[in-house]
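First comes the structure, then the notes that go with it.
The values are calculated or read from the model by the stated rules, or taken from the named source; none is laboratory data. Keep in mind the model is a prediction, meaning the values are calculated, not measured. Ideal geometry is used to build each Cβ from the backbone, glycine not excepted, and the neighbour counts take in all protein chains shown. Surface areas here come from the heavy atoms of the whole protein model, side chains and all, with no ligands, DNA or RNA. Shrake-Rupley method; radii C 1.70, N 1.55, O 1.52, S 1.80 Å.
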Amino acid sequence: MPKQTDKKKGNRDIFSLLLENSEKRGENQRTQLLKSLKVKEFFKEGSISINDRTCQGLECELCIKACPTQALYWQDGKIGIVKDLCVYCGSCVLSCIVDDCIKVTREREDGKVESFTTPRGVVLLFKAINSQRRYFRIESLFPTPETYIKRYRK
Ligand code: SF4
Ligand code: SF4
């Protein structure tokens with residue numbers, strides 16, 4: 001007869017297995033949905049939330065129009081989110097007429113976390129990302145004396 005502790009351990013394993021399977025199913029479903037929309041995923045993880053108390057709802061709906069994956073919809077007097085469709089692009093925050101109404105947080109593959117709640121926040125983030133890209137591009141085109149020596153020394 002199995003010991004009580006083994007039984008408990010067995011139960012826990014079954015639950016974690018079920019959880020793992022449902023997570024995998026969810027991931028596959030998301031991949032298929034985004035593939036059908038031809039949308040590429042750039043972030044490892046992310047989250048989105050909308051503050052129902054400050055949202056202007058029916059009079060606005062700009063976020064719904066701005067979303068490239070149709071992850072947002074209007075239902076029962078508020079904005080609904082299909083979280084599996086959100087790619088954390090920030091278009092909804094950029095178009096929202098109320099500051100701090102939508103909050104998007106996303107994590108890049110290198111572990112860097114970005115979070116924004118206002119159009120200004122999105123613009124500043126994009127500006128910083130573009131400056132960094134430009135810097136790396138210029139650095140690769142015009143190497144410093146040290147990298148130049150390293151690159152061309154035999
Ligand atoms: S972050 Fe992008 S994909 Fe997600 S709901 Fe907003 S607009 Fe849609
Ligand atoms: S854009 Fe902002 S205020 Fe307008 S409906 Fe969407 S969340 Fe609400």
Query raised in the report: For the chain, what is the charge dipole size about the Cα centre, in debye to the nearest 20, if Lys and Arg each add +1 at the Cβ and Asp and Glu each add -1 at the Cβ?
Result: 860 debye
Query raised in the report: In the full protein assembly as shown, how much of Ser131 is accessible to a 1.4 Å probe, in Å² to the nearest 10?
Result: 50 Å²
Query raised in the report: Long-range amide H contacts for Trp74: which residues qualify at under 5 Å (H placed 1.01 Å from N, peptide plane, sequence gap of 5 or more or a different chain)?
Result: Gly80
**Report entry** Gap separating the Cα centres of segment 90-105 and segment 114-144, nearest whole Å
**Finding:** 20 Å
Requested in this report: Have a look at Val122, Val113, Val93 and tell me which one the Gaussian network model of the chain (Cα, springs below 10 Å) gives the largest fluctuation.
Outcome: Val113
Report summary line: From DSSP H assignment alone, runs of 4+ in the chain each adding -39500 (n - 2.57), the sum over residues rounded to the nearest 500 puts [θ] at 222 nm at -15500 deg cm²/dmol
Query raised in the report: Roughly how much of Ile50 is accessible, in Å² to the nearest 10, using a 1.4 Å probe?
Result: 30 Å²
Report task. Tabulate in residue order the Karplus-calculated ³J(HN,Hα) for segment 130-143, using 6.51 cos²θ - 1.76 cosθ + 1.60 with θ = phi - 60°, rounded to whole Hz; enter x for Gly and Pro. Result -> 5, 4, 5, 4, 4, 4, 5, 5, 5, 4, 6, 7, 10, x
Requested in this report: Evaluate the relative contact order of segment 42-152 (contact order divided by residue number), counting alpha-carbon pairs under 8 angstrom at least 6 apart; express in whole percent.
Outcome: 26 percent
Report summary line: So the carbon and sulfur contribution to the accessible area of segment 42-152, 1.4 Å probe, in percent, is 54 percent
Requested in this report: Tabulate in residue order the Karplus-calculated ³J(HN,Hα) for segment 94-109, using 6.51 cos²θ - 1.76 cosθ + 1.60 with θ = phi - 60°, rounded to whole Hz; enter x for Gly and Pro.
Outcome: 5, 9, 5, 8, 10, 5, 6, 8, 9, 10, 10, 10, 9, 10, 7, 4
**Report entry** Among Gln32, Gln75, Gln132, residue whose mean-square fluctuation peaks in a GNM of the chain (springs only between Cα atoms under 10 Å)
**Finding:** Gln132
Query raised in the report: Per residue, how much accessible area does segment 42-152 have with a 1.4 Å probe, in Å²?
Result: 68 Å²
Query - Amide hydrogen neighbours beyond the local backbone of Thr118, cut-off 5 Å, H modeled - result: Asp100
**Report entry** When each of Lys78/Lys103; Lys24/Lys78; Lys83/Lys127 is checked by Cα-Cα distance, pairs over 20 Å
**Finding:** Lys24/Lys78; Lys83/Lys127
Query raised in the report: Toward the positive end of the charge dipole of segment 42-152, about the Cα centre and with charges on Cβ (Lys, Arg +1; Asp, Glu -1), which of Leu125, Cys60, Thr144 goes farthest?
Result: Thr144
Query raised in the report: On average, how much area does the Cα convex hull of the chain cover when viewed from any direction, in nm²?
Result: 17.4 nm²
Query raised in the report: When the chain is treated as a GNM, springs tying every alpha-carbon pair under 10 Å, which of Glu45, Glu139, Glu27 comes out with the largest mean-square fluctuation?
Result: Glu139
